[in-house]
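The values are calculated or read from the model by the stated rules, or taken from the named source; none is laboratory data. Source: prediction; values computed, not measured. Ligands, DNA and RNA are stripped out before the accessible areas are found, and what is left, the full protein with its side chains, is counted by its heavy atoms. Shrake-Rupley method; radii C 1.70, N 1.55, O 1.52, S 1.80 Å.
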Amino acid sequence: MEFVQGLDPSKLVLAGTVLSFVIAPFTAPTYNLPIFLFGTYAQENTEAVASLQTFTGLVGGSLLWDIIWMSRNDQNGFIKLLTILLFFVKVAMLRFVELAHKC
């Protein structure tokens with residue numbers, strides 16, 4: 001838990017955006033890049049509390065879609081590794097939000 005608390009949410013969003021961009025030209029979920037681009041915008045806009053909540057909901061919903069997508073589609077080994085890393089970035093982001101709400 002302490003590891004997740006020490007993470008910077010802006011760096012998590014940036015990591016998710018970069019990973020989504022890197023895997024976009026390959027066989028990968030197409031919805032990740034738009035979600036993380038929206039998250040980058042929402043994070044930069046200081047008055048966008050509703051947008052951040054929407055982004056969090058999109059990330060949470062996309063976790064389920066990631067599992068379904070990975071079970072139904074084949075990927076190259078390296079791209080699959082990056083997709084799994086992106087999945088864990090999303091989990092860390094949601095865990096960070098959960099811990100932030102407890103404080």
Completion exercise
To the nearest 10 degrees, the tilt of helix 77-102 (Cα long axis) against the first principal axis of the alpha carbons of the chain is 20
Practice task
Among the aspartates and glutamates, select those whose C-alpha is under 14 Å from the C-alpha of LYS90, and discard any that sit fewer than 8 residues away in the same chain.
Solution key: ASP8, ASP66, GLU98
Handout entry: Accessible area in the full protein assembly, largest first, 1.4 Å probe, for ILE79, ILE84
Key = ILE84, ILE79
Problem - Accessible area per residue in Å² at 1.4 Å probe, computed on the stretch 39-89 - result: 64
Practice task
Compute the acute angle (0 to 90°) between the alpha-carbon long axis of helix 9-23 and the principal axis of greatest extent of the alpha-carbon atoms of the chain; round to the nearest 10°.
Solution key: 20
Fill in the blank from the handout: The alpha-carbon center of the stretch 78-98 and that of the stretch 41-75 are separated, in whole Å, by 11
Handout entry: Accessible carbon and sulfur surface of the chain relative to its total accessible area, %, 1.4 Å
Key = 67
Practice task
Run the numbers on the chain and let me know its relative contact order in percent, using alpha-carbon pairs under 8 Å that are six or more apart.
Solution key: 41
Exercise for the section: Rank these residues by their accessible area, most exposed first, probe 1.4 Å: LYS90, LYS102. Expected result: LYS102, LYS90
